[in-house]
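For reference, the structure discussed in these notes is given below.
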Amino acid sequence: MTTPSSTEDPITVFLVDDHRLFRSGVRSELDERFEIVGEAGDVAGAVAGIRATVPDVVLLDVHMPGGGGREVIRAIGASHPDVRFLALSVSDAVEDVIAVIRAGARGYVTKSIAPADMADAIVRVRDGDAVFSPRLAGFVLDAFAGHATEIADPELDQLTAREREVLRYIARGYAYKQVARQLGISVKTVETHVSAVLRKLQLSSRHELTRWATDRRLI
């Protein structure tokens with residue numbers, strides 16, 4: 001495992017994830033190896049915090065309130081091109097991997113990664129390497145070779161982009177009012193989208209919707 005030398009300045013890391021307990025766990029694992037300069041649970045907080053601290057590496061969740069990891073990368077990329085992003089997500093869905101890499105992340109690992117491997121990935125990303133969980137590397141190579149691997153899912157393909165956004169939030173336990181606030185739409189519109197999703201997927205409850213989304217690793 002590669003770790004920062006004690007004679008060098010410590011690598012600075014900023015944590016972005018909408019689950020506070022998860023951030024706390026990551027911080028406890030990394031605190032002795034890196035300098036954790038800040039953390040945030042949504043896009044706006046992440047952008048403000050990263051601009052204020054200018055870390056070496058941002059450990060970035062893919063799905064969170066306010067637009068997701070891609071929005072953070074886009075907001076920071078133009079003004080701070082030297083900040084490196086390592087995506088850390090429960091999802092290993094092809095579309096999530098490709099989207100965040102295209103946005104500018106240097107790597108993508110899943111939350112099942114061992115702490116020592118995560119530390120190694122942070123060092124490698126800081127040094128300019130591209131780092132991926134083993135089964136994700138092929139997706140990225142295929143995509144940037146011009147023939148992205150596609151996983152057909154006729155049920156998911158029925159949903160509009162907005163319906164997929166609503167589905168993710170609902171499946172993660174957000175109330176209708178919270179979804180409406182995050183997406184800038186009315187509660188009535190959220191209800192309409194949820195009804196459409198349930199109808200198209202032939203589901204009858206939020207519980208079934210959550211299980212459906214979890215099975216496809218969309219949360």
Scanning the range 35-56 residue by residue, the ones that are open to solvent by 30 Å² or more (accessible area, probe 1.4 Å) and touching a strand residue (DSSP E or B) at 6+ places or on another chain (Cβ under 6 Å) total 5
So, of the residues in the range 76-132 that are crowded, with 19+ Cβ neighbours inside 10 Å and charged (D, E, K, R), which turns out to be farthest from the chain's Cα centre (by Cα)? Arg126
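Here's the yes/no breakdown for (1) among the charged types (D, E, K, R); (2) without any contact (Cβ under 8 Å) to a residue 40 or more places away in the chain:
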{"position": "Ser24", "(1), (2)": "no, yes"}
{"position": "Arg33", "(1), (2)": "yes, no"}
{"position": "Ala40", "(1), (2)": "no, yes"}
{"position": "Leu60", "(1), (2)": "no, no"}
{"position": "Arg74", "(1), (2)": "yes, yes"}
{"position": "His80", "(1), (2)": "no, yes"}
{"position": "Val83", "(1), (2)": "no, yes"}
{"position": "Leu88", "(1), (2)": "no, no"}
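The values are calculated or read from the model by the stated rules, or taken from the named source; none is laboratory data. Note that this is a predicted model, so its numbers are computed, not measured. Glycine gets a Cβ as well: all are built from the backbone with ideal geometry, and neighbour counts include every protein chain shown. Remember, those area values only see protein heavy atoms, side chains included, never the ligands or the DNA or RNA. Shrake-Rupley method; radii C 1.70, N 1.55, O 1.52, S 1.80 Å.
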